[in-house]
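Undergrad: Please read through the structure below; I'll follow up with questions.
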Amino acid sequence: MQWGVLLLSAISFLPLLCTTVAAPKKPQASVTQPRSFLECCDASAAVALDDHRFVVGDDETSVLRIYDWRTGGKPLQTFDLQPFLDPDITKGEADIEAAAQLGDHVFWLTSHGRSPSGKSRPNRNRIFATTFHTNAGKFSMEFVGKPYEKLLSDLIADTNLVQFGFRAATKRAPKEDQSLNFEGLCATGQGTLLLGFRNPAPQGKALLIPLLNPLEIIRGKARAALGAPVLLDLGGLTIRDLVFRGGFIYILAGPWQSGQERRIYRWDGVGSKADLVTPVTLDHFHSEALFAFPEQSPHIFTVLSDDGSRKTIGLHCKDLPVSQRAFRAFEWTTIQLGREQ
């Protein structure tokens with residue numbers, strides 16, 4: 001009789017045991033020790049060129065730099081953008097904020113924002129493209145078409161986007177509420193690009209707008225064709241960068257104001273819901289660029305920290321001699337246990 005009771009108790013406990021084992025586990029994340037890369041502080045955009053080399057744009061100079069992830073340190077090569085973007089060097093930097101690989105082209109997006117004091121800066125109104133080729137271990141770079149300078153006009157003129165008040169937004173300083181400032185760009189897998197806004201943040205949501213004809217605009221064949229806008233709930237955060245990987249768009253999100261809170265979300269490109277990949281906050285970094293090396297696990301991303309305001313020897317990084325400037329980068333591994341990412 002006692003054995004029968006014990007057997008029935010064990011059988012009744014089995015479903016609870018199975019439920020406990022099968023329950024999905026919480027997301028986990030790990031961050032590697034940061035590596036330093038020299039001669040640049042304000043890393044704001046990057047794209048992988050092969051399985052270990054990547055090209056970086058920054059928001060303080062009109063220069064692209066190629067680095068080796070394995071070794072860190074100085075850039076392997078540098079490319080001056082000034083003659084292509086604007087021969088008049090007195091007009092200031094291009095303020096590059098985002099990059100995306102689309103086929104053989106790397107597209108670069110500038111902030112399209114005003115100066116910190118709210119002054120007009122036409123030199124920051126550019127979307128342009130480059131290609132990179134290797135020969136005997138060295139890269140060469142070519143410009144494609146011409147920089148496109150009419151994106152702000154296209155946003156204002158699009159009747160489907162009137163609700164976002166772009167005309168007024170373009171007249172505000174970039175860190176004012178409801179101003180205009182791009183910080184993210186990515187390919188979608190259909191030959192289009194997604195424009196990611198740091199600002200404005202309509203209804204506290206992150207704003208994305210598809211750019212449907214990127215190749216045509218840089219070749220001077222058409223004005224920008226813009227798709228239906230998307231508003232994503234990222235817990236009050238907005239876009240700092242985007243990357244397309246494994247059929248999903250991963251979003252590096254942060255506050256539209258100044259602040260170091262960063263989270264990564266994953267969006268399937270449909271609807272307005274994005275999933276929080278990990279709640280990890282990196283308090284000691286100013287993460288601004290997100291990309292992935294093609295041969296790595298789909299769970300591994302490389303994140304660059306814009307360290308222009310980071311102090312060393314009592315000075316902000318951007319105020320140091322070029323040889324002493326540096327930004328940090330690290331690998332962020334995100335694994336959702338219990339289901340495949």
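Undergrad: Among the numbered criteria (1) free of Cβ contacts under 8 Å to residues at least 12 places away in the same chain; (2) out of contact with any Lys or Arg (no Cβ under 7 Å at 6 or more places or on another chain), which single criterion is violated by T188?
TA: (1)
Undergrad: Show the residue pairs meeting these rules: Cβ distance below 9 Å; 6+ apart or different chains; first residue within the stretch 123-143 and touching a residue at least 40 places away in the same chain (Cβ under 8 Å) and small (G, A, S); second residue surrounded by 11 or more Cβ atoms within 10 Å (Cβ to Cβ) and outside any strand (DSSP E or B).
TA: Matching pairs, first to second residue: A129/P214; A129/L215; A129/I218.
Undergrad: Here is a follow-up. List every residue pair whose Cβ atoms sit under 6 Å apart, with the two residues 6 or more apart in sequence or on different chains, where the first one lies in the stretch 192-203 and is hydroxyl-bearing (S, T, Y) and the second, anywhere, is surrounded by fewer than 21 Cβ atoms within 10 Å (Cβ to Cβ).
TA: From residues that are hydroxyl-bearing (S, T, Y), the pairs are T192/P210; T192/L212.
Residue by residue, here is whether (1) surrounded by 15 or more Cβ atoms within 10 Å (Cβ to Cβ); (2) acidic (D, E); (3) free of Cβ contacts under 8 Å to residues at least 60 places away in the same chain holds:
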| residue | (1), (2), (3) |
| --- | --- |
| L215 | yes, no, no |
| K221 | no, no, yes |
| A228 | no, no, no |
| D233 | no, yes, yes |
| G236 | no, no, yes |
| I264 | yes, no, no |
| H284 | no, no, yes |
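Undergrad: Out of everything in the stretch 148-173 that is among the aromatic types (F, W, Y) and touching a residue at least 40 places away in the same chain (Cβ under 8 Å), what residue ends up being surrounded by the most Cβ atoms within 10 Å (Cβ to Cβ)? Full working, then the answer.
TA: First, the residues of the stretch 148-173 that are among the aromatic types (F, W, Y): 148, 164, 166.
So of that shortlist, the ones also touching a residue at least 40 places away in the same chain (Cβ under 8 Å) come out as 148, 164.
Working: Y148: 23, F164: 21.
Going through the qualifying residues, I end up with Y148.
Undergrad: For the stretch 205-222, state whether one or more residues are of a type in the set (V, I, T), within 16 Å of the chain's Cα centre (by Cα), in a strand (DSSP E or B) and under 19 Å from W108 (Cβ atoms).
TA: Here is the first cut: in the stretch 205-222, the ones of a type in the set (V, I, T) are 209, 217-218.
Filter once more, so that each one left must be within 16 Å of the chain's Cα centre (by Cα): 209.
This time we only want the ones that are in a strand (DSSP E or B), so: 209.
Checking the rest, the ones that are also under 19 Å from W108 (Cβ atoms) come to 209.
Yes, that holds for at least one residue.
Undergrad: Taking into account only those residues within the stretch 49-80 that are over 24 Å from T110 (Cβ atoms) and not in a loop (DSSP other than H, G, I, E, B), which is farthest from the chain's Cα centre (by Cα)?
TA: Across the stretch 49-80, the extreme among qualifying residues is G73.
Let's see how each residue does on (1) among the polar types (S, T, N, Q); (2) touching an Asp or Glu at 6+ places or on another chain (Cβ under 9 Å); (3) modelled with pLDDT under 95:
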residue: T238; (1), (2), (3): yes, yes, no
residue: P255; (1), (2), (3): no, yes, yes
residue: E261; (1), (2), (3): no, yes, yes
residue: Y265; (1), (2), (3): no, yes, yes
residue: S272; (1), (2), (3): yes, yes, yes
residue: L282; (1), (2), (3): no, yes, yes
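The values are calculated or read from the model by the stated rules, or taken from the named source; none is laboratory data. As the structure is a computational prediction, the values presented were derived from the model and not from experiment. All Cβ positions, even for glycine, are placed from backbone atoms using ideal geometry, and neighbour counts span all protein chains on display.
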